[in-house]
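Take a look at the structure set out below.
Please treat every number below as a calculation from the coordinates, not as lab data. All of these numbers come straight from a predicted model, not from anything done at the bench. As a convention, Cβ positions derive from the backbone with ideal geometry for all residues, glycine included, and neighbour counts pool all protein chains shown.
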Amino acid sequence: MSIAFKDYYAALGIARDATTDDIKKAFRKLARLYHPDVAKDKATAEAKFKEINEANEVLSDPEKRKKYDLLGADGGQSREAADGGGSRGGAEGGAQEFHFGGTGFSDFFERYFSGGTRYGFDEGQGPAFAGGRTGAAQRGSDIEGDILVSLDEAMHGAERPVSLRSVNRRTGEMETQAFKIRIPPGATDGRRIRVPERGEPGVGGAADGDLFLRVRHAAHPEFTTRGADVVHELDIAPWEAVLGAEVTVPTLDGAIKLRIPPNSANGLNIRARGRGLPRGKTGERGDFFVVLAVQLPREVDAAERLLWENLRDHSVFKPRAARTSP
Amino acid sequence: MNSDTDSNDAETTDEGYTLEFIAAHAGVDPVAILRYQEKGFIRAVERGGGEQVVFDSEALRQVRRIEHLRVTFEVNEAGLGLILGLLREVEALREEQRRARR
């Protein structure tokens, strides 16, 4: 199977020696442009968004990035050489016995970077079933993989078509299963969704293994998640932090008005209760956190400069005073 | 692309699983499940209305993993505790690292 090499650096428009910070900035900039929620041309934007998400997923992870750089060292040729056995997240049955589709990741990503693993028993090592089952009956191995889930899907739940191509280890033939999986509302990052009996076939009448898909939230330009909580980093001006302000911030279900209290510290978390992701079927929801990020002007014009000078000359604020006095 | 006849049914069930369900689907005795729970190898998510212990798919996956370690590698209970603890810690650290990058 030949798989097109993906140039993740080009996807993010960054140099190969870009710093972690460069990557983050480049991703955010592009994500704001192409996020399906905001882009005008939805179809193109979605493909592009997936691509930058994937590039970010790999390049922002030092380990994956290292591996990617090794893969790309020969300019994207002869991939096979770099694909040492067992490279797929510790796959025990050798690399590339199965292949996912519809997970939101490209074939290239699936092959080299997904968390896909076959987890189970090798031939002839079946578990001694406590239920007294004997003979060659052996439950099929479980298969594990990642599935990219948008925050919108995590919020409302979704149905997704997924395909799984794998070698039937008994017949040695490639088989494809296509099916739909349901992503439950409130699917948090890292949670595993069990798809019953979509793993490897059982032997001797034993049950098939299960498929476990680990939810990976697609990076979003405005929000990150912590469990069921949703976090939004809000850039504010220094005077908004000092004087307080009323601002409008986006949430996953509509904008809300928020009051920044006077004398707010940089990095302060302001909580809006119950505006996060759903918590299971309880009807409860996680919280929404706005994290203040005080921004400083890059350049000031003459009039503004006077104002800052005025502030300097009259302010009693001594940022370093605390360090010298006990 | 081949597909099974029932392929249009979204088939993820993420309801809570009973002790018996976990035992049957992992091919182990219910007593073993209780023992794993007691040892802290797996965790129940909630107690349903009555005294029913309920597990999630993570617990089912964990029991399968335990069986794999036990059968394939002949790991004893002390070894299981060590390995599962390490796996859990690695996973938690990875998640933390991942969050920090986002």
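Before moving on, here are some points about what is shown:
- Spacing of the modelled spin labels on A:I3 and A:E197, each 7 Å from Cα toward Cβ, amounts to 3.0 nm.
- Long-range amide H partners of A:A158 with built H, under 5 Å: A:I183
- Sequence-distant contacts, meaning Cα pairs under 8 Å at least 6 residues apart, place the relative contact order of the range A:223-315 at 31 percent.
- Relative contact order, percent, the range B:17-101 [alpha-carbon distance under 8 Å, six or more residues apart]: 24
- Taking the range A:265-299 and a reference point 7 angstrom along Cα→Cβ of A:V249, the backbone N atoms nearer than 13 Å belong to A:265-276, A:287-294.
- Order of A:S106, B:S57 - criterion: other Cβ atoms within 10 Å of each residue's Cβ, fewest first: A:S106, B:S57
- Ranking of A:T44, A:T248 by count of other Cβ atoms within 10 Å, fewest first: A:T248, A:T44
- In this structure, the residue pairs whose Cα-Cα separation is over 26 Å, taken from A:K29/A:K180; A:K25/A:K64; A:K24/A:K67; A:K25/A:K48; A:K66/A:K180, are A:K29/A:K180; A:K66/A:K180.
- Along the axis of the charge dipole computed for the range A:223-315 (Cβ charges of +1 for Lys and Arg, -1 for Asp and Glu, origin at the Cα centre), the listed residues A:G283, A:L258, A:H314 are led at the positive end by A:G283.
- Packing-based order for B:61-70, B:91-100, using average beta carbon neighbours within 10 Å, highest first: B:61-70, B:91-100
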